[in-house]
């Protein structure tokens with residue numbers, strides 16, 4: 001018999017009571033075969049719960065209705081050419097509706113449980129699908145301020161303060177105060193949400209960062225390249241800046257090699273840029289790999305140039321591998337690593353100055369070694385699944401009774 005306790009897309013399968021501890025239903029509008037931070041967050045939680053024999057099931061809009069869902073979701077591709085705001089409305093409406101239906105099927109076979117919703121759309125679906133308040137809805141805050149803000153980033157679908165932007169914020173204003181608890185993945189994420197939605201402070205909450213399992217080492221790993229970067233190839237991840245930094249370092253006499261893991265809409269432009277900067281032989285676009293964690297110890301440092309984040313599982317995984325971090329001190333990054341210890345912070349405004357920051361680190365074996373040790377220690381203290389997993393699990397379980405509201 002197949003074990004569905006942590007099986008994604010199982011719909012009603014696997015939704016059985018686990019006895020003393022509340023079973024967890026993880027609700028997400030994303031499909032399961034992707035490499036975003038939310039996917040990693042879900043996988044790590046599922047792994048943690050599976051090791052403790054806790055019932056957990058991931059429910060998505062296509063759980064049990066995959067063919068029908070695809071027929072409904074496909075028209076969005078056409079809508080994107082006609083009206084990007086309309087495509088956002090279509091995407092959100094139908095994903096919520098199909099997820100709500102899948103959750104109803106799952107929750108009908110459960111008594112007390114926790115629905116861990118991965119955003120406001122998922123929380124709304126769960127609130128409408130649950131059979132009563134004994135089925136708690138806890139929402140994770142992975143987004144920056146509001147999902148409207150993410151859709152209004154440069155190059156994306158919405159105009160800031162436009163009608164659809166305002167509609168998404170009004171939707172969140174209605175939904176978020178109704179949930180039974182919230183998990184913020186960073187203090188920065190909490191502050192960003194409360195800056196425009198202060199009533200969210202009335203919801204029981206906790207700031208619990210992302211976590212991953214530690215990486216096992218088997219002796220010295222063969223060097224793959226000098227630098228590594230992971231993440232979706234999209235504008236806000238800002239891989240273009242990293243290429244500019246490498247070009248500046250090359251002018252200064254340092255020929256660093258770089259592996260970039262990930263796929264996305266900017267791949268073509270990045271390839272053109274790498275050729276234009278004569279970096280073809282230094283930069284390798286490795287695509288998406290599910291086993292990227294196992295490759296990380298084969299690099300000298302991890303480079304990160306994102307212009308906006310809520311947290312960064314990529315940085316956390318790099319520290320798990322004992323890599324020094326070079327990143328911009330934006331948003332929550334300063335909560336993950338410290339300048340002069342695990343990290344060196346570079347400015348995103350000046351590639352030449354950023355190149356000097358990188359060269360100073362890599363030219364010093366002692367600095368690299370000290371930063372690597374600091375990264376390992378910081379990971380073990382603040383981001384290891386064995387340390388943070390129990391905190392998240394305790395909150396998900398404890399939110400059903402006495403939860404201290406965040407100050």
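Of all residues assigned to the stretch 147-158, at least one qualifies as being outside the structural domain of residue 322 (by TED's automatic domain parsing) and within 23 Å of residue 115 (Cα to Cα).
For the stretch 335-344, give me each residue that is crowded, with 17+ Cβ neighbours inside 10 Å and either out of contact with any helix residue (DSSP H, G or I) (no Cβ under 7 Å at 6 or more places or on another chain) or in a loop (DSSP other than H, G, I, E, B) (or both). So that I can check it myself, show each step before the final result.
Taking the stretch 335-344 first, the residues crowded, with 17+ Cβ neighbours inside 10 Å are 335-337, 342-344.
Once the filter is applied, which keeps residues that are crowded, with 17+ Cβ neighbours inside 10 Å and either out of contact with any helix residue (DSSP H, G or I) (no Cβ under 7 Å at 6 or more places or on another chain) or in a loop (DSSP other than H, G, I, E, B) (or both), the stretch 335-344 yields 337, 342, 343.
Residues that are farther than 25 Å from residue 191 by Cβ, part of a strand (DSSP E or B) and modelled with pLDDT of 95 or more are absent from the stretch 345-360 altogether.
Could you grab me the full set of residues in the stretch 244-257 that are closer than 14 Å to residue 225 by Cβ and either outside the structural domain of residue 359 (by TED's automatic domain parsing) or in contact with a helix residue (DSSP H, G or I) (Cβ under 6 Å, 6 or more places away or on another chain) (or both)?
Result: 249, 254, 256.
Here the stretch 349-360 is the region considered, the condition is being touching a residue at least 24 places away in the same chain (Cβ under 8 Å) and surrounded by fewer than 19 Cβ atoms within 10 Å (Cβ to Cβ), and the residue that is nearest to residue 238 (Cα to Cα) is 352.
Within the stretch 377-399, the set of residues being over 30 Å from residue 179 (Cα atoms) and surrounded by fewer than 19 Cβ atoms within 10 Å (Cβ to Cβ) comprises 377, 380, 381. Quick check on my filter: what residues within the stretch 230-258 are out of contact with any strand residue (DSSP E or B) (no Cβ under 9 Å at 6 or more places or on another chain), in a helix (DSSP H, G or I) and modelled with pLDDT of 95 or more? Result: 240, 241, 244, 247, 248, 249, 250, 251.
Of the numbered conditions (1) under 25 Å from residue 216 (Cα atoms); (2) out of contact with any strand residue (DSSP E or B) (no Cβ under 9 Å at 6 or more places or on another chain); (3) not in a helix (DSSP H, G or I), residue 286 fails exactly one; give the number of that condition. Going through the list (1) under 25 Å from residue 216 (Cα atoms); (2) out of contact with any strand residue (DSSP E or B) (no Cβ under 9 Å at 6 or more places or on another chain); (3) not in a helix (DSSP H, G or I), residue 286 breaks only (2). Could you list, in sequence order, all residues of the stretch 176-199 that are in contact with a helix residue (DSSP H, G or I) (Cβ under 7 Å, 6 or more places away or on another chain), part of a helix (DSSP H, G or I) and crowded, with 16+ Cβ neighbours inside 10 Å? The answer is 176, 188, 193, 194. For the stretch 128-166, name all the residues that are in contact (Cβ under 8 Å) with a residue 24 or more places away in the chain, assigned to a helix (DSSP H, G or I) and either more than 23 Å from the chain's Cα centre (by Cα) or surrounded by fewer than 16 Cβ atoms within 10 Å (Cβ to Cβ) (or both). Scanning the stretch 128-166 gives 128, 129, 163, 164. Looking across the stretch 262-279 at every residue that is part of a helix (DSSP H, G or I) and either touching a helix residue (DSSP H, G or I) at 6+ places or on another chain (Cβ under 7 Å) or touching a residue at least 60 places away in the same chain (Cβ under 8 Å) (or both), the one that is farthest from residue 295 (Cα to Cα) is identified as 273.
The values are calculated or read from the model by the stated rules, or taken from the named source; none is laboratory data. Just so you know, these numbers come straight off a predicted model, no measurement behind them. Methodologically, a virtual Cβ is constructed for each residue, glycine included, from the backbone with ideal geometry; neighbour enumeration extends over all protein chains shown.
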